[in-house]
Each structure stands twice: as C-alpha cells, then as structure tokens.
Amino acid sequence: MSAPLFLADDVAVPVGGVLRLDGPEGRHAAVVRRIQVGEGVVIADGRGHGVRGPVVAVDKGGICVEVAEALAEPERPYRWTAVQALAKGGADKQALDAMTQAGVDEVLAWPASRSIVRWTSDKLDKQLEGWRATAREAAKQSRRLVVPQVGYAPTSEVLDRVRACAQAFVLHESATGYLADQTLVEAGEVMFIVGPEGGITDDELAAFAEAGATPVLVGDHVLRSANAGLVGLAQLQTMARLGGTR
C-alpha cells in the first residue's frame, strides 16, 4: 500500500530535516489514523510540492517526519477545468470527488437553469467550503500533491471562461460527434461542461457554442451528472497521452 498523504501549509524542509505536522491534520494523523513511529508518510502543500519520509515522533498533537525525499508534481501541457452543474442528492459532490481522484485541476460549481439545487448568497461561502473539503479529502485519498481549485461561476462567468480557455467542450446528448474523435489543442486550459439532472437548455447550449465550446458525446447513452465529467476527463487524458494534438 502506498504511503498515506497529509496536507500542510508549508513543506519547505530540506532532505535530512524534520517536518512537524500539527493542527487538525496532525491530530488526525496521530489520533484518528494512529500513525506510528517508523511508518512512511507523504506531506504535501496541495500546490504541487511534498516530502516523503519516515515518522520519527508521534504525540497527541501531531507527528514529526524525517524528510527523505522532496517531491514535485511534474509539469503538464494541459490544465483540465470542469464546469459541474449543481445537482440534487449530492451528485455534484460525487462528481467533484471522482474528478479530483482522476486528476482534474479546477472545478467550477455552475447553477444551471435546470439545477434543482440552488446556492443562496448567504450560504455560498459555506457551500464552497464543503466542496473544497471534498476536494481536499479526495486528493489525499488519491495521493495527489495538488488539491484542485474550486470556485463558483454563474453562466455569464462560465461563458467568459470558455472564451478565454484554449479549448472547451459541452457534454450533451444532442451532439453529433464524439469527444474521442476531436483533436486537442497543443497545450493550455481545456474546459468541459457537465449539465444537471434535467440537462442543459437549448439557450445555454447555444450560448456555449457561440462562445466557442463544442458539443460532444462521451458515450452512446445518457450519463448521470455524477458520472459524465469523470468519463469526459478520462477520455481527454487518454487523448492527451496518445498525442491527439492539432
């Protein structure tokens, strides 16, 4: 089994030094996970850097790790951004969790016209923090050094992001072509938009297309909002690995 990963604000400790993990994360490691002296762990800053090494001390307040190796997320030519419509029954958080594990770089919560779930202005910060906590836990579970960025964007802001990114796709059942048959740009931000349980409206689809997003299919059947983004991301990553560039 791979070493468990914990998150810290700062991991700038040289090889041979000792990094102290305390606070809620350190107490979780010591008390809940019951990490023992001698176990190997990874501590990351969530921004692409981390350290690996054995635990040399444990107390109720946290753990101390001797840094044996410095880690860094490799640079990649693509930045994967998902626009995930708010969906009922926690389907949107399920999508966020799965896409984080698969390697998404940013997820925007989108209040689509047909979203049953609505975030009111007085609860927006709380809802966003819940999504960010989900992303943090999913990143830890998947041993990612990067925790994806999480934000909130109404349709007008999503359209601005579509215009600014290198390439954008709308996952929609009315599309006539498949995502896997598209050709990726050589590099840059690639965005994909996932609708709610009621689907993306014709007006929304037209606005996205006018802004530069291409409607695509990711399969022969209609997928749930919780699953479509993961399937789309996996296909994009495969296309990137196979060199599907213009």
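The values are calculated or read from the model by the stated rules, or taken from the named source; none is laboratory data. Given the structure is predicted, the values throughout are model-derived calculations rather than measurements. Every residue, glycine as well, gets a Cβ built from its backbone with ideal geometry; the counts of neighbours run over all protein chains shown. Areas reflect the complete protein model, heavy atoms only, side chains present, ligands, DNA and RNA absent. Shrake-Rupley method; radii C 1.70, N 1.55, O 1.52, S 1.80 Å.
Brief remarks follow.
- Sorted largest first, extent of the range 127-229 alpha carbons per principal axis (Å): 38, 30, 29
- Taking the average, over residues, of other Cβ atoms within 10 Å as the packing measure, peptides 176-183, 131-138 rank 131-138, 176-183 from highest down.
- Cα-based radius of gyration of the chain once divided by 2.2 N^0.38 Å, which approximates compact folds: 1.12
- The H on the amide N of L7, modeled in the peptide plane, is under 5 Å from the matching H of A44, each at least 5 residues off or on a different chain.
- Among the protein heavy atoms of the range 118-168, carbon and sulfur supply 47% of the accessible surface, probe 1.4 Å, non-protein parts ignored.
- Label-to-label distance, nm, for residues given as A70 and A12 (7 Å Cα→Cβ offset): 1.1
- Where H172, H28, H49, H221 fall by accessible area, highest first, once all protein chains stay in place (1.4 Å): H221, H49, H28, H172
- Between the alpha-carbon centres of the range 211-238 and the range 4-30 there is a gap of 37 Å.
- Hydrophobic long helices, here whole DSSP H runs in the chain with Kyte-Doolittle means of at least -0.5 and Cα atoms spread over 18 Å or more along the helix axis, are found at 225-241.
- Percent RCO, i.e. relative contact order, over the range 87-246, from Cα pairs under 8 Å lying at least 6 residues apart: 30
- Over the range 41-92, the reciprocal of the mean inverse Cα-Cα separation, the Kirkwood hydrodynamic radius, stands at 14.4 Å.
- The range 67-153 has equivalent-ellipsoid semi-axes of 27, 13, 11 Å, by the square roots of 5 times the alpha carbon gyration tensor eigenvalues, sorted largest first.
- With N as its number of residues, the range 196-246 has a Cα radius of gyration that, divided by 2.2 N^0.38 Å, comes to 1.31.
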